[in-house]
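I have placed the structure first, in the form of structure tokens, so that the comments after it can refer back to it.
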Amino acid sequence: MIVRILGEGQRTIEESALDGLNALDNELIAAVEAGDEDKFSTALSALLNRVREIGSPLPDDEIVPSDLVLPSPDASLDEVRELLGDEGLIPG
Amino acid sequence: MSMGRRLALIFKAKANKVLDKHEDPRETLDYSYEKQLELLTKVRRGVADVATSRKRLEIQMQQLQASGDKLQSQAQQAVSAGRDDLAREALTRRSAVNQQLADLQTQHSQLQAEEEKLTTASQRLQAKVDSFRTRKETIKATYTAAEAQTKIGEAMSGISEEMGDVGLAMQRAEDKTQQMQARASAVDELIASGALDDASQPLGGRDDIQRELDSIGANNDVELELAKLKGSLPAGQQTQALPGGAQGAQQQAQPAAEENQQ
């Protein structure tokens with residue numbers, strides 16, 4: 001599957017790696033919902049590091065939509081919330 | 001739902017909006033390609049803007065560095081002239097200058113990182129735009145309405161996402177650059193107001209520490225000249241001519257006078 005880290009481009013990761021990523025993702029969601037900036041940045045960098053570790057970069061000339069899109073490493077909680085709130089996907 | 005999927009959906013929704021705009025999907029391809037070229041131009045301009053801001057910061061950093069060096073040497077001069085008060089003043093100002101310098105250094109590295117990211121993004125976008133153009137022409141050449149819908153949909157989602165990503169990066173870089181420019185103007189104003197002594201000023205201009213140091217130096221010069229003059233006067237005239245003369249000159253002149261009398 002294809003994962004994009006905003007500002008860094010896309011990577012291909014094995015479908016089987018998804019379970020491991022989900023655990024990290026749950027922490028990230030919890031941090032966003034709790035509005036906890038510290039936990040958010042810890043969870044975000046843990047998730048991004050894992051994706052960078054297991055994913056291989058997609059060639060620049062390939063054009064495919066991503067299955068997952070992750071915030072950029074220096075994104076703040078407010079920015080992410082704004083991004084999601086744009087389309088009303090996160091209530092509140 | 002996972003964070004990543006929520007974000008991915010946002011990009012898909014945006015791509016669909018673009019797709020719905022035109023009745024013939026081929027028009028969507030051309031429209032999108034135009035937008036891509038526009039974005040590419042904007043990103044390149046963005047890279048240039050960030051570079052300009054970075055260079056401006058570099059010039060300010062050099063000015064501040066020179067200013068700090070000058071204050072340091074003024075402090076040394078003041079100490080050797082026995083003026084601790086002046087030295088303290090110079091060191092206080094130097095520490096303010098160093099503080100500013102440290103701030104600018106942090107911002108400089110942030111800006112540099114932003115510039116690198118944007119450069120990479122623009123290279124990636126360029127490659128994708130080239131690839132999109134090829135794909136667009138292929139789709140148009142072999143166009144059958146049924147097949148085209150899916151192919152165009154795929155290409156559009158992929159490129160829209162890329163454009164969305166690069167667009168965000170651009171916005172971020174623009175915000176940072178604007179902050180930096182405001183900050184740079186503030187430092188320029190500080191330098192202009194003389195609050196941060198600008199080392200590019202002519203020596204002594206607006207610089208009270210330098211003025212005092214110069215006057216100490218000038219006083220010393222006067223004393224030295226005086227001593228020299230006294231030393232060169234013919235003996236015998238000395239005590240008469242300069243009854244309250246400088247001590248140093250008298251000490252020097254005394255043995256010579258005694259020698260003459262003998």
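For the residues B:Q123, B:Q149, the requirement of being modelled with pLDDT under 90, part of a helix (DSSP H, G or I) and not β-branched (V, I, T) singles out B:Q149. Quick check on B:A51: is it of a type outside the set (F, W, Y), closer than 30 Å to B:A145 by Cβ and touching an Asp or Glu at 6+ places or on another chain (Cβ under 7 Å)? The answer is no for B:A51.
Of the residues in region A:50-59, at least one is under 11 Å from the mean Cα position of the chain (by Cα) and open to solvent by less than 60 Å² (accessible area, probe 1.4 Å).
When B:T106 is tested against (1) more than 12 Å from chain A (Cβ to nearest Cβ); (2) touching a residue at least 40 places away in the same chain (Cβ under 8 Å), exactly one condition is not met: (2). Selection over region A:1-51 of residues that are in contact with a strand residue (DSSP E or B) (Cβ under 7 Å, 6 or more places away or on another chain) and without any contact (Cβ under 8 Å) to a residue 60 or more places away in the chain gives a count of 8.
Counting only residues that are open to solvent by less than 60 Å² (accessible area, probe 1.4 Å) and either more than 8 Å from chain A (Cβ to nearest Cβ) or at positive phi (or both), region B:161-175 holds 6 of them.
Only residues that are out of contact with any Lys or Arg (no Cβ under 7 Å at 6 or more places or on another chain) and either more than 20 Å from B:R183 (Cβ to Cβ) or loosely packed, with under 13 Cβ neighbours inside 10 Å (or both) were counted across region B:65-74, and they come to 4. Of all residues in region B:45-61, those that are farther than 12 Å from B:Q181 by Cβ have Cβ atoms under 6 Å from Cβ atoms of residues that are part of a helix (DSSP H, G or I) and among the hydrophobic types (A, V, I, L, M, F, W, C), 6 or more apart or on another chain, in B:G46/B:L118; B:G46/B:M170; B:G46/B:A173; B:V47/B:L118; B:M61/B:L104. Any idea which residue in region A:1-42 is most open to solvent (accessible area, probe 1.4 Å), counting only those that are polar (S, T, N, Q) and outside any helix (DSSP H, G or I)? Per the stated criteria, the residue is A:T12.
One residue is enough: does region A:61-80 have a residue meeting the conditions of a type outside the set (D, E) and open to solvent by 70 Å² or more (accessible area, probe 1.4 Å)? Looking for residues that are of a type outside the set (D, E) and open to solvent by 70 Å² or more (accessible area, probe 1.4 Å), one finds none in region A:61-80, hence no.
If the condition is being more than 10 Å from chain A (Cβ to nearest Cβ) and either open to solvent by less than 20 Å² (accessible area, probe 1.4 Å) or closer than 17 Å to B:Y33 by Cβ (or both), then region B:147-160 contributes B:A148, B:K151, B:I152.
Scanning region B:80-122 for residues that are acidic (D, E) and surrounded by fewer than 13 Cβ atoms within 10 Å (Cβ to Cβ) yields B:D84, B:D85, B:E116.
Number of residues in region B:15-37 that are open to solvent by less than 50 Å² (accessible area, probe 1.4 Å) and under 18 Å from A:P65 (Cβ atoms) equals 9. Just one of the numbered conditions (1) open to solvent by less than 80 Å² (accessible area, probe 1.4 Å); (2) under 11 Å from the mean Cα position of the chain (by Cα) is not true of B:Q62: (1). Yes or no: B:Q178 open to solvent by 60 Å² or more (accessible area, probe 1.4 Å) and closer than 16 Å to B:K42 by Cβ? Here the answer is yes, as B:Q178 does meet what is asked. Restricting B:L57, B:L40 to those that are within 14 Å of another protein chain (Cβ to nearest Cβ) and assigned to a helix (DSSP H, G or I) reduces the list to B:L40.
Residues that are part of a loop (DSSP other than H, G, I, E, B) and under 11 Å from B:P25 (Cα atoms) were ranked within region B:136-146; the one that is farthest from the other protein chains (Cβ to nearest Cβ) is B:T144.
If you go through region A:28-56 and pick out every residue that is farther than 17 Å from A:E79 by Cα and at the interface with chain B (Cβ under 10 Å from one of its Cβ atoms), you end up with 2.
The values are calculated or read from the model by the stated rules, or taken from the named source; none is laboratory data. Not measured: the values here are computed from a predicted model. Cβ sites come from the backbone with ideal geometry, for glycine too, and all protein chains shown count toward neighbours. Note: accessible area is taken over every heavy atom of the protein model, side chains too, but ligands, DNA and RNA are not part of it. Shrake-Rupley method; radii C 1.70, N 1.55, O 1.52, S 1.80 Å.
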